[in-house]
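S.K.: Sharing a structure here in structure tokens format.
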């Protein structure tokens, strides 16, 4: 059975750990087949995987049969939004009353 590249791409991205740890190619293909209830041909898998590697979405790991991992992209830090209704919690230095020393 032939699957669309979009189906396989979505499945690969669903199954590859988001924490950057590796998963073997054979294991990934087996998990994909279990989710699709159909065998995933090696050529189909490699074509989609290689596209994700070329796009910088996945990295190539080591191991017997090879492995892949998700590349972590640096997320831009969110700018704090200024809430005009937020209380002013800044501290100001006050003068000591006369006689306190």
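Read-outs: derived from the displayed coordinates by stated rules, not from any lab. From a predicted model like this one, the values you see are computed outputs, not experimental measurements. Note: ideal-geometry Cβ built from the backbone for every residue, glycine included; neighbour counts use all protein chains shown.
S.K.: Taking the square root of 5 times each eigenvalue of the Cα gyration tensor, what semi-axes in Å does the equivalent ellipsoid of segment 5-70 have, largest first?
M.R.: Details: eigenvalues 54, 33, 26 Å².
Values for segment 5-70, descending: 16, 13, 11 Å.
S.K.: Calculate the spin-label point distance for residue 7 paired with residue 92, positioning each point 7 Å from the Cα along the beta-carbon direction, and give it in nanometres.
M.R.: Between residue 92 and residue 7, the label points sit 6.8 nm apart.
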